[in-house]
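The values are calculated or read from the model by the stated rules, or taken from the named source; none is laboratory data. Quantities reported herein were computed from a predicted structural model and do not represent experimental measurements. Here the Cβ positions follow ideal geometry from the backbone for every residue, glycine too, while neighbour counts run over all protein chains shown. Surface areas here come from the heavy atoms of the whole protein model, side chains and all, with no ligands, DNA or RNA. Shrake-Rupley method; radii C 1.70, N 1.55, O 1.52, S 1.80 Å.
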Amino acid sequence: MLRVRRLGTVPYEEASALQRALSERARDDYLLVLEHPHVFTLGVRADLAHVLGDPLALGADLVRTDRGGDVTYHGPGQLVVYPIVTVADRLSSGRDHVHRLEQVVIDALGSLGVERAGRLAGYPGIWLDPHGERPAKVAAIGVRTSRAPDGRRRTLHGVALNVDCDLSMFGQIVPCGISDRPVTSLAASGHRFSIDAVADAIVERAVAEWGGTEGADERAVMARRPLAQPVELFGGASER
């Protein structure tokens, strides 16, 4: 079963701890849907020189993480989706998972009428008008797979889709280490949707991709205590 949890706004490090707990302890797969407060994150191959401004002066945190990729930005108006799912135990699983996650978002955007979303050869993520004269990145993807204590290979991290966020924050970094291609949002490209509408479309495609024969259990979870303690909030997370 795919357990879909809509979490509202969650600090980056808290969401990261929650992902780790679910990947190691939950029997079911999860899809976490949320936004982050302003934060710049550094992947395992990040170049610190790609952080151009002072995060603290911008009201943002700077966090090192174990996902793939370089530096990126998360903040209000950006929809973040973290699938914690079991994948095949082989070296290509991470790459295959990225491809499936890209396709989930591309198909979701297509269902909303965004027809120019796709892949750009040599550049990860999702792009608007990828085959046009000026393709622009609308979603960044960075994932990692790790082995759970029971031997399953599980995914961490995911996709960040710019719905209607502050694009000036991307000017404070070299996004994903790419200096020759711009970053955009759905709103800036003329596609104005609410975060909830985009989340609905992505969840629908994600359930079709990872829900299997059991489908999905979906809840909105707005916790008053740290989400990194998932036992009560996420039924089944503590079961071994």
Item checked: Simple label model, 7 Å out from Cα along Cβ direction - V63 to V44, nm -> 1.8 nm
Next item on the list: Hey, could you get me the Stokes-Einstein D for region 116-206, Kirkwood radius over alpha-carbon pairs, 20 °C and 1.002 mPa s, rounded to whole µm² s⁻¹?
Entry: 146 µm²/s
Item checked: Fraction of beta bridges assigned by DSSP in the chain that are antiparallel (%, nearest 5) -> 65 percent
Note to self: Using a probe radius of 1.4 Å on heavy atoms only, what accessible surface per residue do you get for the chain? Whole Å² is fine.
What the structure shows: 45 Å²
Check: When the scattering of region 33-98 is computed by the Debye formula from its Cα atoms alone, each counted once and equally, what is log10 I(q)/I(0) at q = 0.12, 0.14, 0.19 Å⁻¹?
Finding: -0.40, -0.52, -0.85
Notebook entry, point to check: Using alpha-carbon pairs under 8 Å, 6+ residues apart, how would you state the relative contact order of region 1-75 in percent?
Noted result: 35 percent
Notebook entry, point to check: If we count every other residue with Cβ under 11 angstrom of D217's Cβ, Lys/Arg +1 and Asp/Glu -1, where does the sum land?
Noted result: -1
Check: According to a simple spin-label model (label point 7 Å from Cα along Cα-to-Cβ), what is the distance in nm between A220 and L52?
Finding: 3.8 nm
Note to self: To test your reading of the geometry: what angle, between 0 and 90 degrees and rounded to tens, separates the Cα axis of helix 12-25 from the longest principal axis of the chain?
What the structure shows: 40 degrees
Margin query: Let me check against my output: what whole-number percent is the relative contact order of region 106-202, with C-alpha pairs under 8 Å and at least 6 apart?
Written below: 24 percent
Next item on the list: Give the carbon-plus-sulfur fraction of the accessible surface of region 98-226 in %, rounded to a whole number; probe 1.4 Å, heavy atoms of protein chains only.
Entry: 46 percent
Check: In nm, what is the difference between 0.36 nm times the number of residues separating R95 and S194 and their Cα-Cα distance?
Finding: 32.6 nm
Margin query: Between helix 93-111 and the chain, what is the angle of the helix's C-alpha long axis to the longest principal axis, kept within 0 to 90° and rounded to the nearest 10?
Written below: 70 degrees
Note to self: Give me log10 I(q)/I(0) at q = 0.11, 0.15, 0.17 Å⁻¹ for region 1-152, Debye formula, one equal scatterer per alpha-carbon, no solvent.
What the structure shows: -0.47, -0.90, -1.16
Check: Which whole-number percent gives the relative contact order of the chain, counting Cα pairs below 8 Å spaced six or more residues apart?
Finding: 29 percent
Check: Normalized C-alpha radius of gyration of region 68-122, against 2.2 N^0.38 Å?
Finding: 1.33
Checklist line | For region 170-181, Karplus couplings with θ = phi - 60° (6.51, -1.76, 1.60), whole Hz, Gly/Pro x | finding: 5, x, 8, 9, 9, x, 6, x, 9, 9, 10, 9
Margin query: Using only DSSP helix segments of four residues or longer, with each worth -39500 (n - 2.57), what per-residue ellipticity at 222 nm results for the chain after dividing by its residue count and rounding to 500?
Written below: -7000 deg cm²/dmol
